[in-house]
Each structure stands twice: as structure tokens, then as C-alpha cells.
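The values are calculated or read from the model by the stated rules, or taken from the named source; none is laboratory data. For clarity, every value in this text was computed on a predicted model and none was experimentally measured. Here the Cβ positions follow ideal geometry from the backbone for every residue, glycine too, while neighbour counts run over all protein chains shown. For accessibility, only protein heavy atoms count, side chains too; no ligands or nucleic acids. Shrake-Rupley method; radii C 1.70, N 1.55, O 1.52, S 1.80 Å.
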Number of protein chains: 2
Amino acid sequence: MTTAVRVLLADDEHLIRGALAALLSLEEDLVVVAEAATGPEALAMARAHAPDVAVLDLQMPGADGVKVATSLRTELPGCKVLIVTSHGRPGHLKRALAAGVRGFVPKTVSAQRLAELIRTVHAGNRYVDPELAADAISAGDSPLTAREAEVLEHAADGAPVAEIAERAALAEGTVRNYLSSAATKLGAENRHAAVRLARERGWV
Amino acid sequence: MTTAVRVLLADDEHLIRGALAALLSLEEDLVVVAEAATGPEALAMARAHAPDVAVLDLQMPGADGVKVATSLRTELPGCKVLIVTSHGRPGHLKRALAAGVRGFVPKTVSAQRLAELIRTVHAGNRYVDPELAADAISAGDSPLTAREAEVLEHAADGAPVAEIAERAALAEGTVRNYLSSAATKLGAENRHAAVRLARERGWV
DNA sequence: GGCCCCGTCTGACATTTGTCATGGCTGGTG
DNA sequence: CACCAGCCATGACAAATGTCAGACGGGGCC
């Protein structure tokens, strides 16, 4: 038999990470060489152990899975990335693929299936959960312009327009204009609903 | 040895549920008798198998862990409930304890620890994660009155005041008043930030 | 080059939202 | 009972937000 696939496991939930490590270890051709609980930790571990496949949770403290994937792409081009997520937002999938991620699946898959997918991406193939892919396609591209998205992000925590204007170095009128056009494009009543929708679709 | 502890496992993420079931099965004195992916399913499974301990995820489709716990309390008083959660909000802990939950821990605990806790609650003891407990205590009780909380909930999705007023059968001025006082109590700039804060503390 | 479309940016105006002062009602206290 | 404290409810006014028409500049196209 060829040498086993070396896997890095990154998830902030100890319970899941440990359980997963145990289950994957039952597979003869897989070996978990490192675990991490945060984005930066995952990067450090990847540098230290140079795994064949990195299984990354999408939401982790420090840096999310996509950011880690982006860094890995340049630092360890040979390391394939498989993203696992609880709440699949269409935009995330798009960002992930742009970052060179080879696989993207929800946490509702079984461990058995995950093991298969690790082999799949290790073999150089790609895999995206069909349901998530359908969502991403139906959600389509973000209709927002760069500025609109930027301003919307600044508005995310409910900050008043004056504060957004200062942070974005724009006139208040301009900020209101972008928020308004973003809300219109998203079919939202106001900017707060717009933020919520953009979040759901992964456009911010 | 006495007969093994019969455990019900409910979590919407197959990956985790399966992995967890496998790990707990390694413990000689624990046996997973049923699994569920949704709140209603968890209830049905509990009725069918009458487990000794129910390990419930806080966030599940259909009905959350606390709602399931509330139903279980009357239907199966002998069944101890242990809640597991990814994002611990102080208010949830309070609601959970009020619902008669015997244990409340974040998913960052290890499987080994979880097994111990299952035994702990089965023995009739309680356990609450110290960090979550500290958060709950420092966050304190909700300062919001019934109406304030109600109006804030209606405002959650960014709806305009007119719509909230209609749904709550109040004058617009009254709605604005409640939103304003809620925002003041929470130390928020405006109602949208207030909604966010109340969500974080589990007060809505 | 000349044209047009699109994104960026702005101020003026209409609408919505936040704040305040006030009054009615209920429940606990002396 | 009389009193006070707290919640509920409202309208009037001030402040923030959303909408509009339009100016400027760059990139693609004939």
C-alpha cells in the first residue's frame, strides 16, 4: 500500500475535532498529523507538518477557513484544502473556490463520507456539496459595487451614518446614497434589512 | 456492573452526531440508544426509547434544545437533560436551567469530559460550564420589560416602525418609545445595535 | 476622436426614527 | 385609603435616514 494521507484537522469545537480525529483514524489510509482550534494555529500547524489535506472549519476564531486557505495556497501549494461548514452561505462557497479550495461540504455529511472526500480531494479532484452549489448558483453574483459592499460592511453593527462616513472617508450624503442603492438592489426595506440579506447570501 | 446508561443524542450535524456516538460507545458504561437531527425528532425518539440521559444541541431545526427539554420534563421526568452548544449566550443558560436542564456545556469540551458529564448528570448532579456561568452572572437579568422585548423582537429583521406598530397593535409613537428605552437600557446607539446586543445576551 | 454607459460622489429635500413631556393604570406599602 | 413606583401608551418636536437629480471621470465601442 502507498503511504497514508496526512490530514490536518482545524475546528474550534474540541468535541467535534476530537471525535472526528478518532473516526478518521479508523480509516487505514488516513492519518491525522495535526489539529488546530483557530485560524492562525491552523496555519502554524500546516507549516510545521506540511499535511496532504487540510480539513478546515469555515468559522474559526482568528481567521476563517477561507483566509487560511488563501495563505496555504501560496505557502503550501501541494496541500489540498477541504472546507467543512455548519451554515452554508452561497457567497462563502464562491470565495472559497476563488481561494483554491478543493472541496466544500456541510457538517451534515457522515464521517464515512468525509473520509471518502478526503481521498477525493487528495487525488486531485474537486467536490462541492450539490445543495450548496445549487444555492450559490440561484443566489448568483453579488449585484453590489465595491463601494456599496464596503459601506454596507461598515454599517453592519448598526453604526450611525456619520461614523460610517468618517471611517470610509466619504460625505454623509454619499454614504446614504450607497446604502440606499444597496438596499434597493437587494430588495430590502432599509439598510439594516439589507445588511441581513447580504450576510445571508455571503456577499459581505 | 450495573446496567449501562442509555443515551439519546440530538444534533443536526450528522458528522458530529455520528462521531460522538462512536466515541461514547467506546465507554463501557454508556450506550447510545437513539439519535435525532431535529427538535421534534428528538422528542419522538425520547418517547420511543425513554433514555436515561438526553444530550441535546442548543440550536436545532424545528425546536431548540431548551424547548425539547421543557417537553421532556413533563413527559419523561426521569430523563436527565444535558445541553451542548457552540455559541453560549447567557440568556440561553438561564432559560435552560428554568426548563430543568441538568447540565450545560460548550462544544469545546473533549469527548472524554462529555462522557464524565453524562455520568454526572445521570447520578442526579448538575454541571454548568464555569465560563458560561460567569458570563450569565455578569450579564445578569434582562432589564427589558415585556413590551420592550416584544417590540425589539419584531424589530429584529429590520422592519420599519409602521410595520412593527401594526403587528404589535400599538401607535407608532409608542413603538418608537419602547425601542428608544430598550436601546438606552442596553447602552446602544440605536435600535438595530440594541437588537444585536439583546441577541448576544440571549434576551430576545 | 466622439459617444455612451457605469461607477463614484455630492448636496437638497422628503420621510422615518429617536427623544421628551405627559397622563392613565396597576400593585405594593405605610 | 392615600401614596408612590413602575409599566404602558401617546403625540409633538428634533435628529437621523432615505431618495432624488445631477456632476465628474474612466473604459469599452463604433
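Tabulated data for the structure shown
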read-out	value
Any hit, region A:57-72, residues being assigned to a strand (DSSP E or B), within 14 Å of chain B (Cβ to nearest Cβ) and of a type outside the set (S, T, N, Q)	yes
Region A:170-204, subset among the charged types (D, E, K, R) and either in the same structural domain as residue A:89 (by TED's automatic domain parsing) or more than 10 Å from DNA strand D (Cβ to nearest atom) (or both), residue most open to solvent (accessible area, probe 1.4 Å)	A:199
When residues of region A:181-204 are limited to those that are more than 14 Å from chain B (Cβ to nearest Cβ) and of a type outside the set (Phe, Trp, Tyr), the one farthest from DNA strand C (Cβ to nearest atom)	A:202
Some residue of region A:18-25 being modelled with pLDDT of 90 or more and outside the structural domain of residue A:196 (by TED's automatic domain parsing)	no
